[in-house]
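J.: Once you've had a glance at the structure underneath, I'll fire off some questions.
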Amino acid sequence: MKRKPFIAGNWKMHKSIKEAAELANEIKRRFYDFDRAEIVLAPPFTALAAVADIIASTPVKLAAQNMFWEKEGAFTGEVSPLMLKDAGCSYVILGHSERRAYFCESDENVNKKIKAALREGILPIVCVGERLEEREAGKTIEVVERQLRGALEEIKEEEARKIVIAYEPVWAIGTGKTAAPNQAEEVHKFIRETIGKLYTEDTSSDILVIYGGSVKPENITFLIKEEDIDGALVGGASLESDKFIKIIEGAVLDV
Ligand code: PEP
């Protein structure tokens, strides 16, 4: 039996509070009592509280797109795990390739953030994935393994089980190019096998490994059919309610 589909919408640096509330309301209208997939919305920080109010008492969950690892202090511009909890977040996206590329986020930083999130009871959605030049140089597996092992360094099995891994080939993010389902499956399978080596078979078969990179209503059903693909982290297509709703509906068709 395959794992329950997990679909998260990463709104990145888009939407005013009013626009975010409208989008959240449209999603709530369709999924207020839906339990066939875990649905997660990741608005910008400024809209977290407004979206939290809208989805309260529905199964739809809230995520932040980043955080710092300290609890509080003189860290101008940063947001702590405690603050995210306070704002109603259940999840936090960590190690997104845009953070790695534009904000110098290292595997070590990602690992510190994962530990801090887990300590405060926030579930991390951890992104890994190779750049185009790395894929072309035949280094996909090497890069993904380094990021995965780095992220999970010193994390105990019972904590690791709570993490959602998002495989996001950088060349497929926001480019309209999706990895072919079998191309993505190859890496998902490798991620699951690596989890099996680091922990146990149980954890390897229970952990959620989702795909990200130009997911749309037209390709979700093909991706989700793959054995080791449990859902999607959706960027661009999560900004329009009709597309995001169709992606969720597509993800549960065969499950
Ligand atoms: C993302 O931001 O994680 C992402 C996968 O974006 P997009 O769906 O637009 O490629």
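J.: Span-like helices, the chain: DSSP H, alpha-carbon axial extent 15 Å or more, mean Kyte-Doolittle 1.0 or greater, which ones?
T.: none
J.: Just from its helices, what would the mean residue ellipticity at 222 nm be for the chain, if runs of 4 or more DSSP H residues each count -39500 (n - 2.57) and the sum is divided by every residue, rounded to the nearest 500 deg cm²/dmol?
T.: Working: 12 runs with 111 residues, N = 255.
Only helices count here, giving -12500 deg cm²/dmol.
J.: Now a separate question. Please get the size of the charge dipole for the chain, origin at its Cα centre, with Cβ charges of +1 on Lys and Arg and -1 on Asp and Glu, quoted in debye to the nearest 20.
T.: Dipole magnitude for the chain comes out near 420 debye.
J.: For segment 95-141, what mean projected area does the convex hull of the alpha carbons give, in nm²?
T.: Averaged projected hull area, Cα only: 3.6 nm².
J.: Students often check this: by mean Cβ neighbours within 10 Å, which of 100-107, 207-214, 51-58, 24-31 ranks highest, and how do the rest follow?
T.: Listed from highest to lowest mean packing, they are 207-214, 24-31, 51-58, 100-107.
J.: How large is the Rg to Rh ratio of the chain when both quantities use alpha carbon positions and Rh follows Kirkwood?
T.: We get a ratio of 0.93 for the chain.
J.: Let me know the Kirkwood hydrodynamic radius for segment 1-71, please, with Cα pairs as the basis and the value in Å to one decimal.
T.: Value: 12.7 Å, from the Cα pair sum.
J.: At most 15 other Cβ atoms within 10 Å and a DSSP loop assignment: could you name the chymotrypsin sites (Phe, Trp or Tyr not before Pro) in segment 58-92 that fit? Write down the numbers at each step before the final one.
T.: On the way: sites: Phe68, Trp69, Phe75, Tyr91; in loops: Phe68, Trp69, Phe75.
The qualifying sites are Phe75.
J.: Give me, ordered by chain and number, the residues 5 or more places off Arg131 or on other chains with an amide H under 5 Å from its own placed amide H.
T.: Val170
J.: How would you order 159-165, 149-155 from highest to lowest mean count of nearby Cβ atoms within 10 Å?
T.: Put in order of decreasing packing, that is 159-165, 149-155.
J.: Could you sort out which of Lys85/Lys189; Lys113/Lys225; Lys71/Lys216; Lys162/Lys225; Lys28/Lys115 sit more than 26 Å apart by Cα distance in this structure?
T.: Violating the 26 Å limit, Cα to Cα: Lys85/Lys189; Lys113/Lys225; Lys71/Lys216; Lys28/Lys115.
J.: Next question. How much of the calculated P(r) for segment 50-192 lies past 28 Å, in percent of all Cα pairs?
T.: Summing the P(r) tail past 28 Å for segment 50-192 gives 22 percent.
J.: To continue, here is another question. If you count only protein heavy atoms with a 1.4 Å probe, what accessible area per residue comes out for the chain, rounded to a whole Å²?
T.: Result: 46 Å² per residue.
J.: Roll a 1.4 angstrom probe over the protein heavy atoms and tell me the percent of accessible area of segment 6-251 that is carbon or sulfur.
T.: Working: 5610 of 11050 Å².
After summing per-atom areas, the C and S share lands at 51 percent.
The values are calculated or read from the model by the stated rules, or taken from the named source; none is laboratory data. None of the values given here were measured: they were computed from a predicted structure. Counting neighbours? That spans all protein chains shown, and the Cβs are built from the backbone with ideal geometry, glycine included. Keep in mind that these areas ignore ligands, DNA and RNA; they rest on the heavy atoms of the full protein, side chains included. Shrake-Rupley method; radii C 1.70, N 1.55, O 1.52, S 1.80 Å.
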